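Take a look at the structure below.
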Amino acid sequence: MPARVSLKSLKRRGGLFEGIKSNIQALAVGVKYFIDPQRSTLLYPKEYIEHRPGYRGFIVFIKDKCISCAACARICPSAAMKMVRVTEVDPKHPDKPRQKQYPVINYQRCIFCGYCVDICPTEALYHTPFQDVVYESLADMFLTLEAFQLEPGRPSVSEGSPVVYEVDEERGLIKRRR
Amino acid sequence: MEGQKLQGMVVRRVEKELYEVFIGPQHPGSGHMRIIVRLDGDVIVEADPDIGYVHRTMEKLSEVREWLKPIPLLERMTIIDACNITVPYVNALEKLMDKSPPPRASYLRVLLCEINRVASHLYGFGIFGVFLGHSTMYMWAFGDREVFVELAEILTGARLTHSYPIPGGVRRDMPQDFPEMARRAVRYMRGRLEEYRRIFVDNPVIVKRLEGVGVISRNKAAELGIVGPNVRASGIRYDVRLAEPYEVYDELDFEIPVFEEGDALARTWVRVEEIKQSLSIIEQAVDWLERHKGEPIIPKEDYDKLPKLHREVYEKTGRVKLLPAHATMKIPAGKAIARGEMGRGEIIYYVESDGGTTPYRVRVVTPSARNAIVFKYIVPGHRLMDLPAIYGSIDYFPPEADR
C-alpha cells in the first residue's frame with residue numbers, strides 16, 4: 001500500500017477564552033512535571049551504564065586465533081588499524097624463530113564502526129561492551145601488541161555501581177540498578 | 001555605534017540608518033554558519049547566509065576510499081540521521097551491482113530510518129525550543145530523543161554512527177526483545193506528543209511568535225527548490241517516499257501530512273504529524289519483522305559464499321560477518337542515482353564507478369543545502385526577533401549543508 005497524502009490545516013485560533021484555556025493547559029503540564037519530575041540522569045562515576053552484549057565498544061585482540069590475513073587493516077575506514085611484523089617462536093619448530101604480522105590499533109583514529117570485528121575470518125577480534133576508558137597521554141592510545149590483547153581497564157567499575165536503561169511506557173527512559 | 005563590539009556580534013555602520021549585524025559563526029545561536037543581516041531599525045532589509053564553515057570535502061574523501069568505507073564517513077554529515085543518509089548511497093551501490101536486499105533487510109533499514117527520523121525531528125524541536133527561549137522544550141525533546149537513540153543502539157550497537165546498511169542487506173538482525181521495547185517507546189511517545197502540544201505547539205506564547213512568520217507561498221517554495229517538511233508546509237505534495245518509493249515504503253500504510261499555510265507554525269505542525277506517522281511505521285515494521293522471523297537479512301548468493309564460522313556467527317547472534325573480499329570489492333562500471341527522504345528532506349546521491357575499487361565520483365545533495373536559500377529570500381521584511389523563529393522552523397543543519 002503506497003503512501004497517501006493527507007491535507008491538513010491549522011486550527012483557527014479564536015478569542016480570549018481559547019487563549020486563557022491554552023495558557024492554563026500549558027501551565028498545568030508544567031506543574032505536573034514540577035511535582036513529579038521525570039529524570040534519568042546518570043550519576044557518573046557513582047553509576048555507570050552496563051551496555052548490552054551487542055554494544056560496539058573497545059576492541060580486544062586474541063593473538064592465538066589470528067592468521068595474519070590483514071583484512072582488518074584493509075577494511076578500517078579511518079586507518080586506525082595497522083599490521084606490525086614481529087619475530088616469535090614457532091610452536092612447531094622451537095629452534096627456528098618465525099616472522100608474523102599482527103594488527104595493532106590506534107584509538108586516536110578508531111571510530112568504532114566494527115568493520116574489523118565483522119571482517120575477521122577467525123573471530124580473533126571482539127568488542128567489549130563499554131567505551132569509558134581513559135588514557136593518560138595521546139601516546140598511550142596507540143596500543144602495542146601486548147596492550148591490544150588485554151581488555152582495557154575500566155575505572156568506573158571499581159568506583160560505581162552498574163545501571164541499565166530501559167524503555168518504559170509511562171516514563172520513557174528509566175534507570176534501573178542491577 | 002561605529003566600531004562598537006557587542007558580545008557575539010560586531011556592529012558597523014554601512015549606510016545612514018542601516019546597520020549590518022553578523023550573527024555567528026560561533027556555534028551558540030547560529031550553528032556553524034553566519035548570517036549577515038542588514039537592519040533598518042529592527043526590520044531586516046537584507047539577509048545573507050554565509051555558509052561553508054564546516055565543509056569537510058565529503059565528496060572528495062569518498063573518492064579515495066574503497067566502496068564500503070564511505071558509509072561511516074557519509075554518516076558524519078548528519079550524525080543524528082545516520083541511517084537515512086546512508087541508505088540512498090547503499091541503494092546506488094546496489095543499482096550498480098544489480099543486487100537487491102531481501103525483504104527482511106529492507107524492513108530493518110526502514111525501521112532504523114524511521115527511528116532516526118523521529119530522533120532527528122526531536123533534535124530539531126529541541127533547537128527550535130531553545131531558539132525561542134523555551135528551554136523546557138529543549139530539555140524534553142533531547143530527553144525523549146534519548147529513547148530513540150537507545151532503540152537504535154540496541155538494534156545496531158552504536159548510539160549515532162550506526163553504519164547499519166551494507167550493499168545487499170544490513171549488518172545485524174534485530175534482538176529478540178526489540179519489538180516489545182519499540183512498541184513501548186512508540187506508546188510513550190504518542191502520550192508525550194499530546195503534552196508537547198499543550199506546552200509548546202499550542203502554547204499561546206509560541207503561537208504568537210510563529211503564526212504568520214516566515215510565510216513561504218506555494219509558488220515561492222517551488223521556485224526556491226526547498227525540500228522536506230518545509231515544502232510540505234507550503235502545500236506542495238512532495239516526498240520521495242511518495243514520489244519514488246524506495247526500500248519497502250510502498251508496502252507500508254502511512255500518510256504524508258501536508259499543510260497549506262506555509263508559515264513557521266505550519267512547518268512545526270508538519271513535523272509533529274510526521275513523528276506520528278513515523279511511530280506508526282515503526283509499529284508496522286516491527287509487526288512484520290515478528291511475523292517473518294528467521295528470514296535472511298543478506299541475499300542468498302552472499303549467504304552461500306560464507307564459510308562455516310561466518311554462518312555459525314550469523315545463526316547464533318544475527319551478526320553478518322563480512323568477507324575479506326569486501327575490503328577490495330570492485331563494482332562494475334556505470335552511473336547510478338538514488339534518492340531518499342531524510343528527516344529534513346530529500347537527499348540525492350550520484351555515484352559513478354569506473355570498475356575500480358574506489359568510487360570515481362560521489363555527488364551528494366543534502367536537504368539543508370537546498371533549504372539554506374530560505375534565509376536569503378524569506379527572512380527580509382521580518383523583525384530581527386523573527387530570525388530565530390524562522391531559522392528553527394526550517395530546521396537548518398549546517399554540517400549537513402556544507403558536507
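All of the numbers you see were taken from the coordinates with simple rules; none came from a lab. Keep in mind that this is a model prediction, so the values were computed, not measured. Counting neighbours? That spans all protein chains shown, and the Cβs are built from the backbone with ideal geometry, glycine included.
Can you pull the Kirkwood radius for the protein assembly as shown, inverse mean 1/r over Cα pairs, to one decimal in Å?
About 25.8 Å, per the Kirkwood formula over Cα pairs.
Arranged by the count of other C-beta atoms within 10 angstrom, fewest first, what order do B:134, A:93 take?
With the fewest neighbours first, B:134, A:93 line up as A:93, B:134.
How far apart, in nm, are the 7 Å Cα→Cβ label points at residue A:52 and residue A:84?
It is 3.6 nm.
Quick one: of A:63/B:305; A:175/B:208; B:69/B:335, which pairs are farther than 29 Å apart, Cα to Cα?
Distance filter (> 29 Å) returns A:175/B:208.
Which of B:382, B:55 comes first, and how do the rest follow, when ranked by fewest Cβ neighbours within 10 Å?
Ordered by Cβ neighbours within 10 Å, fewest first: B:55, B:382.
Give me B:136, B:78 sorted ascending by neighbouring Cβ count inside 10 Å, so fewest comes first.
So the residues, fewest neighbours to most, are B:136, B:78.
Determine Rg/Rh for region A:59-159; Rg is computed over alpha-carbon atoms and Rh is the Kirkwood hydrodynamic estimate from the same atoms.
0.99
Going Cα to Cα from residue B:220, which lysines come in below 16 Å? Please leave out same-chain ones fewer than 8 positions away.
List returned: B:376.
From Cα pairs below 8 angstrom and at least 6 apart in sequence, can you work out the relative contact order of chain B, rounded to a whole percent?
Dividing the mean separation by the residue count of chain B yields 25 percent.
When a/c reaches 1.5 or more, the comparison of a/b and b/c decides; with that in mind, is region B:232-307 rounded, prolate or oblate per its Cα gyration tensor?
prolate
Suppose the Debye formula is applied to equal point scatterers at every Cα of chain A; what is log10 I(q)/I(0) at q = 0.15 Å⁻¹?
Log10 of I(q)/I(0), two decimals: -0.96.
Just to confirm my understanding: which cysteines in chain A have no other cysteine beta carbon less than 4.7 Å from their beta carbon?
Singleton cysteines: A:66, A:69, A:76, A:110, A:113, A:120.
What do you get for Rg/Rh of region B:58-402 when both radii come from the Cα atoms and Rh is the Kirkwood radius?
When Rh is taken as the Kirkwood radius, the ratio is 0.98.
If the cut-off is 20 Å between C-alpha atoms, which aspartates and glutamates fall inside it for residue A:65, apart from same-chain ones fewer than 8 positions away?
A:88, A:90, A:118, A:123, A:146, A:151, B:312
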